[in-house]
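J.: Starting off with a structure, shown below.
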Amino acid sequence: MGKRAADTLIASALPIALVVAWEIGARVGWISGRILPAPSAVAVAFWTSLQNGELVHHTLISTERALYGLLIGGGLGFVLGVINGALPVAEKLTDSSLQMLRNVPHLAIIPLVILWFGIDESAKIFLVSIGVLFPIYLNTFHGIRMVDPGLVEMGRVYGLGPVALYLRVILPGALPSILVGLRYALGIMWLTLIVAETISAQAGIGYMTMNAREFLQTDVVLLGIIIYALLGKIADMLTRWLERRALAWHPSFQSAAKTVAVPA
Amino acid sequence: MSWANSWVNLYGSQLEGELGAAFDRTWPRKPVVEAASVARQSIAIRLESVTKAFGTRPVLRDLSLTIDSGQFVAVVGRSGCGKTTLLRMIAGLEPVSAGRLSIGDAAVSSLRQEVRLLFQEPRLLPWHRVISNVGIARGENWRDHARSALRDVGLADRAEDWPATLSGGQRQRVALARALVSRPKALLMDEPFGALDALTRTEMHQLLIRVREEYGFTALLITHDVREAIALADRVLVLRDGTVSRDIPIDVPLHLRPSSPALNHLEKDILAEV
């Protein structure tokens with residue numbers, strides 16, 4: 001057995017032991033099924049809702065809301081970050097206002113959002129957009145500001161026009177920071193969506209769990225929580241993959257083979 | 001390494017190290033008068049009563065200087081004497097406060113493509129592979145030009161590598177290739193070898209001598225290393241308190257410089273002055 005396999009085994013020993021203990025506890029009757037149903041019950045709930053199509057239906061609706069929110073809020077944050085990073089005038093004009101808004105917890109404006117948009121889709125998408133806007137804005141802005149001025153000067157000396165300078169020097173230089181912002185934003189995206197869907201929805205994972213609560217289907221509630229966790233994990237894995245691809249030049253993303261970085 | 005030894009390494013025929021292979025064809029060195037495949041081209045740089053001040057603090061005072069087309073001039077001076085400012089002005093990165101600065105027939109008002117600048121640090125874009133760094137200005141057939149410039153600095157086989165995988169000397173050679181790729185008429189160098197170890201620096205000196213023979217550009221080297229200045233330049237300027245305090249032509253042929261007692265004496269002389 002390889003060292004990696006052994007490491008994986010050690011790392012997964014505790015979670016597996018916990019699940020086994022939980023299952024046994026539920027079967028024997030130490031744990032009430034209404035408080036915490038057995039893992040097998042959750043698995044059955046998963047299978048049932050998968051077969052009747054409900055799980056896919058709700059997951060797709062939640063994912064759609066999340067992505068719309070990310071697209072709108074993230075896009076806006078990115079554009080603001082680029083503009084403010086490039087133009088000191090724009091920064092003076094908008095940055096302090098943005099910093100002020102950033103300090104408002106976006107979940108605190110839920111009552112206001114319900115007054116504005118009612119409880120339909122736009123309310124949830126709006127909340128997610130507000131949630132992801134600031135981490136993307138801040139990290140884009142910061143990333144652009146932290147680009148080595150020596151490289152920018154080099155680009156100018158070697159004849160790069162403003163567009164080429166932006167595309168080949170400034171944005172790639174800011175990319176590591178932008179991707180950190182994206183990962184952070186994805187976490188906020190799911191969190192916001194969970195809260196928004198729990199408060200009011202006619203579909204989505206949040207609706208599914210709240211509905212299950214009314215009927216005391218604790219297994220479905222648990223299933224919803226697990227689905228949220230999985231969606232968050234998938235989003236994180238996607239950004240990690242994106243990072244590895246986009247930052248292949250970065251010493252910390254290069255494999256050991258052939259790439260022993262020599263300090264300058 | 002002693003003074004004499006480093007000269008033997010620099011001009012001896014038993015050259016070894018990374019650059020050895022690249023030099024085989026042209027070593028031992030003989031003056032190259034015939035034009036290379038592409039025309040050698042250079043341009044004169046002229047300063048007339050140039051003054052530069054940052055706020056009220058004068059950095060360069062009433063400086064007049066002519067660098068002939070094709071000449072190799074080294075400027076030495078202690079840090080803060082204004083030598084980097086001088087170079088940045090000629091490069092078009094800093095405006096002159098008073099006086100006239102011209103390259104060729106035209107006054108310098110902004111960045112010019114026939115003048116290239118080699119910075120103290122390589123300043124490579126870490127997210128571009130070596131070849132894309134060399135061909136940063138792109139343009140027609142840039143890959144071919146970049147490849148040929150990389151060959152000239154002995155790094156043809158690293159074209160597809162990331163800059164992070166190169167050593168400090170290799171990075172500075174990539175930076176040199178990036179400067180050469182557009183066939184500049186003048187090359188301005190701001191202590192480009194200052195951060196390298198002694199052996200690598202000696203290799204870079206040889207490389208610079210070789211590419212200058214091939215390309216023929218006017219060269220201006222800013223350095224605090226008096227020995228480096230004497231080893232490479234046709235003319236050494238001592239910059240002190242914002243003005244040229246000494247202007248010394250060096251007529252000894254490059255290959256005789258290591259054994260020249262006169263130059264050895266000159267080095268001590270300049271060091272005493274700086």
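Values in this text are rule-based calculations from the coordinates and carry no lab data. The structure presented is a predicted model; accordingly, all values stated were derived computationally and were not measured. Please note: Cβ atoms are built from the backbone with ideal geometry, for glycine as well, and neighbour counts cover all protein chains shown.
J.: Determine ³J(HN,Hα), in whole Hz, for all residues of region A:164-180 in sequence, where each value follows from phi through the Karplus function 6.51 cos²θ - 1.76 cosθ + 1.60 and θ = phi - 60°; x replaces Gly and Pro.
T.: 4, 4, 5, 6, 9, 10, 6, 5, x, x, 8, 4, x, 5, 4, 5, 4
J.: If you don't mind, there's one more thing I want to ask. What ratio of Cα Rg to 2.2 N^0.38 Å holds for region A:2-99?
T.: My calculation over the Cα atoms of region A:2-99 gives 1.92.
J.: Let me know the Kirkwood hydrodynamic radius for region A:37-238, please, with Cα pairs as the basis and the value in Å to one decimal.
T.: Values: mean 1/r = 0.0533 Å⁻¹.
It is 18.7 Å.
J.: Based on the alpha carbon coordinates of region A:178-217, what radius of gyration and maximum Cα-Cα distance (Dmax) apply, in Å?
T.: 13.1, 43
J.: Also: For the protein assembly as shown, what is the convex hull volume of its Cα atoms per residue in Å³?
T.: Residue-normalised Cα hull volume stands at 223 Å³.
J.: Shifting gears a bit: Which distance in nm do the two modelled labels at B:ARG143 and B:PHE54 give, with both placed 7 Å along the Cα-to-Cβ direction?
T.: So the label points at B:ARG143 and B:PHE54 sit 4.3 nm apart.
J.: Per residue and in Å³, how big is the convex hull formed by the alpha-carbon atoms of region A:115-212?
T.: 104
J.: How far apart, in nanometres, would the label points at B:HIS255 and A:THR8 be if each is projected 7 angstrom from Cα along the Cα-to-Cβ direction?
T.: 6.5
J.: In Å, what Kirkwood hydrodynamic radius results for region A:58-173 from the alpha-carbon pair distances?
T.: This gives a value of 15.9 Å.
J.: Using 1/(1 + (r/R0)^6) with R0 = 30 angstrom and r between the beta carbons of A:VAL163 and A:HIS142, what's the FRET efficiency to the nearest 0.05? Walk me through the numbers before you get to the answer.
T.: On the way: r = 22 Å, r/R0 = 0.74.
It comes out at approximately 0.85.
J.: If you line up the long axis of helix A:3-28 against the longest principal axis of chain A, both from Cα atoms, how many degrees apart are they, to the nearest 10?
T.: Between the helix axis and the principal axis of chain A, the angle is about 30 degrees.
J.: Also, I was wondering about something else. Report the Stokes-Einstein translational diffusion coefficient (µm² s⁻¹, integer) for region B:126-183, Rh taken as the Kirkwood radius over Cα pairs, at 37 °C with viscosity 0.692 mPa s.
T.: Translational D for this selection: 306 µm²/s.
J.: Looking at region A:136-264 from every direction and averaging, what is the projected area of its Cα convex hull in nm²? List each step's numbers first, then the result.
T.: Working: hull surface 46.6 nm².
That works out to 11.7 nm², a quarter of the Cα hull's surface.
J.: Moving to a separate point now. In whole angstrom, and with the biggest value first, how far do the Cα coordinates of region B:187-243 range along each principal axis?
T.: Dimensions of region B:187-243 along the principal axes of its Cα atoms: 34, 27, 16 Å.
J.: How tilted is helix A:205-214 with respect to the longest principal axis of chain A? Cα atoms for both, answer in degrees (0 to 90, nearest 10).
T.: Helix A:205-214 sits at roughly 30 degrees to that axis.
J.: Using only the Cα atoms of chain B, what do you get for the radius of gyration and for Dmax, in Å?
T.: Over chain B's Cα set, Rg and Dmax evaluate to 18.3, 54 Å.
J.: So what does the Cα-only Debye profile of region A:113-171 read at q = 0.28 Å⁻¹, as log10 I(q)/I(0), no solvent term?
T.: -1.03
J.: Count of lysine pairs in chain B with Cα atoms under 23 Å apart, counting only pairs 8 or more residues apart in sequence or on different chains?
T.: Close lysine pairs under the 23 Å cut-off: 4.
J.: Taking 7 Å along the Cα-to-C-beta vector as the label spot, tell me the A:LEU101-A:SER122 distance in nanometres, rounded to one decimal.
T.: Result for the modelled spin labels: 1.7 nm.
J.: Would you mind getting me the FRET efficiency between A:TRP30 and A:LEU230? Use the beta-carbon distance for r and R0 = 25 Å, nearest 0.05.
T.: Once rounded, the FRET efficiency stands at 0.35.
J.: If you take the charge dipole of the protein assembly as shown about its Cα centre, with +1 on Lys and Arg Cβ and -1 on Asp and Glu Cβ, which of A:ILE188, A:GLY206, B:GLY168 is farthest toward its positive end?
T.: Toward the positive end, the furthest listed residue is B:GLY168.
J.: By how many nm would the segment from B:ASP241 to B:ASP62 lengthen if fully extended, with 0.36 nm per residue of separation less the alpha-carbon distance? All intermediate terms of the calculation are to be shown ahead of the outcome.
T.: Numbers: separation 179, 0.36 × 179 = 64.44 nm, distance 1.12 nm.
Length gained, B:ASP241 through B:ASP62: 63.3 nm.
J.: If I fit a long axis through the Cα atoms of helix A:75-86 and take the longest principal axis of the Cα atoms of chain A, what angle between them do I get, 0 to 90°, rounded to 10?
T.: 20
J.: Now, a different point. Give the span of region B:98-248's Cα atoms along each principal axis, as three whole-Å numbers ordered largest to smallest.
T.: For region B:98-248, the Cα extents along the three principal axes come out at 46, 37, 27 Å.
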